[in-house]
Amino acid sequence: MTRRPPRYSAAGLLWRGARGRDWPRAWREVDLKPSYDVVIVGGGVHGLACAYYLATNHGITNVAVLDKAYLGAGGSGRNTAIVRSNYLTPEGVAFYDRSLELYGSMAADLNINVMFSERGHLTLAHTDSALRTMNWRAEVNRLQDIDSSVIDPAEVKRIAPSLDVSPDTRYPILGALYHPPGGTIRHDAVVWGYARGADHHGVELHQHTEVLDILVEGGDGPGGKGPGGRVTGVHTNRGAVSAPIVINCTAGWASTIADLAGVKLPVTTHPLQAAVTEPVKVFLPTVVVSGSLHVYVSQTDRGELVFGASVDPFATYSMRGSLDFTEELAGHVLELMPSVSKMRLMRQWAGLCDMTPDYSPVMGFTPVDGFLCDVGWGTYGFKAGPVSGEQMAQCVATQAVPELIAPFALDRFTAGHLVGEKGAAAVGH
Ligand code: PYC
């Protein structure tokens, strides 16, 4: 089934807005069927993008996306909406660059205003070793035609005048990696765009549908699960569903969902906190990241500053904000931008990050036939949503691992082929 997303004229939008009703549902609410060709666990950007590309690129529409909460309730709604492709490894650069490309055409592709703002991205270096890493990244980036270069403090000041670049600060800015194509995008619109697009192509979206078990037979582990087994479906709080393919697209619960199939993931889960200020006149034209000071900041079109810091140092599934975080954040932000000292924080939140040993994801097939993973995103998940969906859909449709995600296979941890991406982190670890 293919239905086109509704298109409204400006007059139609005004009329509906003024009446405040008569909006058609963005996606259907349907009964859960007893079987699908593909079940996707997790209704965030990754799961929805995968469903969308299964339907649009490969004509696979008998697909259910299941989420235990609402669409976008997890990492997709709890990030700081930064996108970029200035990674450290050639594998990472190629992969995130495809994501940036898909983000760039998303408004037209999905017919939704995702507010993509290619405002540029500065990663500050405060030490000689940080400057060396920035030069390394710039070299790797440029070899792959990514617009990325190291600039000096005077150029940093020209791009972001509110930064204190004087040499007598506690952490002087020695230079920065400048990546003009990086920027921000409205994260919830991305979720809604993929959800609506997938729905219009016949995919079913089931919110408040929790996966309680993954059904596997013939495996080496307890209950016939684990390596050597074959997936047959899932058990949910709304009943059993059979499916020959189940894809784990969760964040936060990646390892617990994989455990249900008898697959062990090398993942520990840590909260990552963020905060937003009251709105002020726009003064920060670019995204600014300081790995050494553990802070990244951008200004929304409404004028709020959106901040993030390091992942919390303990493993937990709690998503509570903490005073420690706000205190440290405020201290570090003021080192960089003393002029914002009077701004008030409005809100803080946390998302969950599934950290792998090399800070790269786990994508593709697993030792359980029919059970695939798109997980282990650490602090890079949101920016990878579109490309992950596209590539996972291709993996399912062709039953072959696409080149772009081959480096991120689960067996790299036993084969010793790690893809070390810690040096590209905006977030302290
Ligand atoms: O890698 O750019 C990044 C990032 C920002 C916030 C979390 N990760």
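The values are calculated or read from the model by the stated rules, or taken from the named source; none is laboratory data. Fair warning: this is a prediction, and the values are worked out from it, not measured in the lab. Every residue, glycine as well, gets a Cβ built from its backbone with ideal geometry; the counts of neighbours run over all protein chains shown. Side chains are part of the model used for accessible areas, which takes the heavy atoms of the whole protein and leaves out ligands, DNA and RNA. Shrake-Rupley method; radii C 1.70, N 1.55, O 1.52, S 1.80 Å.
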Checklist entry - Are there any pairs with C-beta distances below 6 angstrom linking a residue in the stretch 214-234 that is on the phi > 0 side of the Ramachandran plot to a residue that is in a strand (DSSP E or B) and buried (at least 22 other Cβ atoms within 10 Å of the Cβ), with the two at least 6 apart or on different chains, and if so which? => result Gly233/Val241
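Anything in the stretch 295-329 that is assigned to a loop (DSSP other than H, G, I, E, B), surrounded by 15 or more Cβ atoms within 10 Å (Cβ to Cβ) and over 19 Å from the mean Cα position of the chain (by Cα)? List them, or say none. Reasoning before the result, please.
Step one: list which residues in the stretch 295-329 are assigned to a loop (DSSP other than H, G, I, E, B), which gives 300-304, 312-322.
Pick out the ones that are also surrounded by 15 or more Cβ atoms within 10 Å (Cβ to Cβ) and you get 300, 304, 312, 319, 321.
Result: Glu304, Gly321.
So is Met134 closer than 18 Å to Ile185 by Cα and not in a strand (DSSP E or B) or not?
Working: closer than 18 Å to Ile185 by Cα: no; not in a strand (DSSP E or B): yes.
No; evaluated as a whole, the condition is false for this residue.
Restricting to the stretch 378-427, give me the number of residues that are in a loop (DSSP other than H, G, I, E, B) and either touching a Gly at 6+ places or on another chain (Cβ under 6 Å) or away from the ligand (no atom under 16 Å from the Cβ) (or both).
Step one: list which residues in the stretch 378-427 are in a loop (DSSP other than H, G, I, E, B), which gives 378-381, 399-405, 409-411, 416-421, 425-427.
Still in the running and either touching a Gly at 6+ places or on another chain (Cβ under 6 Å) or away from the ligand (no atom under 16 Å from the Cβ) (or both): 381, 399-405, 409-411, 416-418, 421.
Summing the residues that are in a loop (DSSP other than H, G, I, E, B) and either touching a Gly at 6+ places or on another chain (Cβ under 6 Å) or away from the ligand (no atom under 16 Å from the Cβ) (or both) in the stretch 378-427 gives 15.
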Checklist entry - Is it true that Ala69 is buried (at least 24 other Cβ atoms within 10 Å of the Cβ), more than 16 Å from the ligand (Cβ to nearest atom) and at pLDDT 95 or above? => result no
Checklist entry - With respect to the numbered conditions (1) assigned to a loop (DSSP other than H, G, I, E, B); (2) small (Gly, Ala, Ser); (3) within 14 Å of the chain's Cα centre (by Cα), which one is the sole condition not fulfilled by Ala26? => result (3)
Checklist outcome for this item: Among the residues of the stretch 120-134, the number that are out of contact with any Pro (no Cβ under 6 Å at 6 or more places or on another chain) and either within 23 Å of Thr80 (Cα to Cα) or surrounded by 15 or more Cβ atoms within 10 Å (Cβ to Cβ) (or both) is 10
Checklist outcome for this item: Those residues of the stretch 263-294 that are touching a strand residue (DSSP E or B) at 6+ places or on another chain (Cβ under 6 Å) and of a type in the set (Gly, Ala, Ser) come to a total of 3
Checklist entry - Among the residues of the stretch 375-429, which ones are of a type in the set (Asp, Glu) and open to solvent by 20 Å² or more (accessible area, probe 1.4 Å)? => result Glu390, Glu403, Asp411
Item to check | Number of positions in the stretch 318-367 that are under 21 Å from Thr268 (Cβ atoms), modelled with pLDDT of 95 or more and of a type in the set (Phe, Trp, Tyr) | outcome: 2
Checklist entry - Do we have Ser360 as outside any helix (DSSP H, G or I), within 16 Å of the ligand (Cβ to nearest atom), within 14 Å of the chain's Cα centre (by Cα) and of a type in the set (S, T, N, Q) here? => result yes
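Consider Ala81 carefully, then state whether it is more than 15 Å from the chain's Cα centre (by Cα) and at pLDDT 95 or above. Full working, then the answer.
Details: more than 15 Å from the chain's Cα centre (by Cα): no; at pLDDT 95 or above: yes.
So Ala81 does not fit the description; no.
Condition check ((1) under 30 Å from Leu48 (Cα atoms); (2) in contact with a Leu (Cβ under 8 Å, 6 or more places away or on another chain)) across all residues:
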residue: Val114; (1), (2): yes, no
residue: Gly120; (1), (2): yes, no
residue: Arg132; (1), (2): no, no
residue: Gln144; (1), (2): yes, no
residue: Ser148; (1), (2): no, yes
residue: Pro153; (1), (2): no, yes
